[in-house]
Amino acid sequence: MRVLTGIQSSGKLHLGNYFSAIQKMLSYQSKENLFLFVANLHSLTTFKDKKIQWENTRNAVLDLLALGIDPNKTVFWIQSDVPEVTEITWYLSMAIITSQLSLAHSFKDKTARGITPTAALYNYPILMAADILAFQAEKVPVGKDQKQHLEFARDIAIRFNTTYGEVFTIPEPDIEEGTALVPGIDGAKMSKSYGNTINFFDSEKEIKKAVMSIVSDSAGIDEAKDPDKSVLYAIYSLFLSKDDKLLLADRFRTPGLRYGDVKKELLEKILEHFADFRTKRLSLQNDPDYVREVLASGKAKAKSYIDPTLEKIRENLGELKFF
Ligand code: ADP
Ligand code: TRP
């Protein structure tokens, strides 16, 4: 099955991203035909600064490769390297009406927060539909916030196929409804917008600072503690097997446990779990030639998949196929 998703990099990856979205991608990579790209054209609507734009794209590429995206298994590219998608965006814009676009949550949310309502922000869902439809994706894993955009992509595909003749596969959404939310160090949902994250590619010192700041209750050393109410327990559990989780829960319930000691253990666990990924990231960072090669090959592969669809669209639109 052809599975496709785009990552709009907007900051450092945290444990919440890793234990949901990234793990899912890695499992798709080993089972299905995965298409993955860094959605830097979409990020243009958020980041105006040239340097930040470049750094975010570069970081996303390095992060994903370091975490195990394997360019021999997955078609991996940067969105702007395949400008055919923007041509397809134009064709698809004929298959959606403006009143539908004005209902997009992302557009409404962003403009409500004072962001200028540019046409790019308005057309954002059409570019996303083009990303998906251009590759005839069958399944699209995304977070809950992208659900409506995916419905737009399906509507656009159906309307285009009906108006101009069959071209596109109708993609199925794969929304992460069930994934457990990872709490942040303050107990709220871990999110870069809340400043409560543990970022595993940060320096050891920064990771330590975050782990040591995880909230805990005021139970004294000699009191029993409730693991089900503990943020520290919830985060630590991410790294444990079922049996080890039970053992840790027992330790919480037995008087004598010091939160400080558990935090130190958790820090060790995090550093151990991400040690190889951190080393890999450093070596990729020091080998830009290799990364450039990977991206050039991803771009060529992506183009080879998009070309037949683009031909077919032009053919169905008639006058684009005269000579
Ligand atoms: P953030 O909230 O930090 O801005 P994003 O919105 O960029 O994160 O999310 C990227 C992906 O990571 C999405 O698939 C989202 O569902 C997942 N994700 C983000 N935060 C968490 C969390 N705390 N727990 C589980 N999954 C998360
Ligand atoms: N809009 C998506 C997000 O912000 C990223 C994205 C762009 C995407 N194009 C896509 C996701 C195509 C899935 C498929 O998360």
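The values are calculated or read from the model by the stated rules, or taken from the named source; none is laboratory data. These numbers come from a predicted model, not from an experiment. Don't worry about glycine lacking a Cβ; one is built from the backbone with ideal geometry, like all the others, and counts go over all protein chains shown. What goes into the accessible areas is simple: the full protein's heavy atoms, side chains included, and nothing from ligands, DNA or RNA. Shrake-Rupley method; radii C 1.70, N 1.55, O 1.52, S 1.80 Å.
Annotations
- Residues whose amide H falls under 5 Å from that of Glu172, counting only those 5 or more places apart or on a different chain, are Lys139, Val140, with hydrogens built in the peptide plane.
- Residue-by-residue Karplus 3J(HN,Hα) for the range 275-285, coefficients 6.51, -1.76, 1.60, Hz, glycine and proline x: 4, 5, 5, 5, 5, 4, 5, 5, 5, 5, 4
- Accessible area of Lys189 in the full protein assembly, 1.4 Å probe (Å², nearest 10): 100 Å²
- Per-residue ³J(HN,Hα) for the range 110-124, Karplus 6.51 cos²θ - 1.76 cosθ + 1.60, θ = phi - 60°, Hz, x for Gly and Pro: 5, 5, 5, 7, x, 6, 4, x, 6, 5, 5, 5, 5, 8, 2
- Modelled FRET efficiency - R0 41 Å, Arg258 with Ser27, Cβ distances, 0.05 increments: 0.65
- Acute angle (nearest 10 degrees) that the helix 50-66 long axis makes with the longest principal axis of the chain, alpha-carbon atoms: 70 degrees
- Counted residue by residue at 0.36 nm each, then reduced by the alpha carbon distance between them, the extension gain from Asp70 to Lys303 reaches 82.0 nm.
- Debye equation applied to the C-alpha atoms of the range 202-273, log10 I(q)/I(0) at 0.20, 0.24 Å⁻¹: -0.82, -1.13
- For the range 224-322, the set of chymotrypsin sites (Phe, Trp or Tyr not before Pro) satisfying both a DSSP loop assignment and a count of at most 13 other C-beta atoms within 10 Å is given as Phe322.
- Excluding same-chain neighbours fewer than eight residues apart, the lysines reachable from Lys242 by a Cα-Cα span under 17 Å are Lys269.
- Sum of -39500 (n - 2.57) over DSSP H runs of 4+, divided by residues of the chain (222 nm, nearest 500): -16500 deg cm²/dmol
- Cβ-derived FRET efficiency at R0 41 Å, Thr162 paired with Ala112, nearest 0.05: 0.75
- Leu271 versus Lys189: modelled label distance in nm, points set 7 Å from Cα along the beta carbon direction: 3.2 nm
- Three semi-axes of the equivalent ellipsoid, the range 69-208, Cα gyration tensor, whole Å, largest first: 32, 20, 15
- Gain on full stretching of the segment that runs from Glu319 to Arg251 - 0.36 nm per residue minus C-alpha separation: 17.2 nm
- Helix 147-164 axis, angle to the chain major axis (alpha carbon atoms, nearest 10°): 20 degrees
- Each residue of the range 43-49 is assigned a 3J(HN,Hα), and the resulting list reads 5, 4, 6, 9, 10, 8, 7 Hz, derived from the Karplus form 6.51 cos²θ - 1.76 cosθ + 1.60 (θ = phi - 60°), x at Gly and Pro.
- For the range 67-169, trypsin sites (Lys or Arg not before Pro) are listed when DSSP marks them as loop and at most 15 other Cβ atoms sit within 10 Å of their Cβ; the list is Lys73, Arg113.
- Centroid-to-centroid separation of the range 10-30 and the range 225-260 [C-alpha atoms, Å]: 24 Å
- Residues whose amide H falls under 5 Å from that of Ile78, counting only those 5 or more places apart or on a different chain, are Val38, with hydrogens built in the peptide plane.
- Cα-based equivalent ellipsoid of the chain: semi-axis lengths in Å, sorted from largest, via gyration tensor: 42, 21, 18
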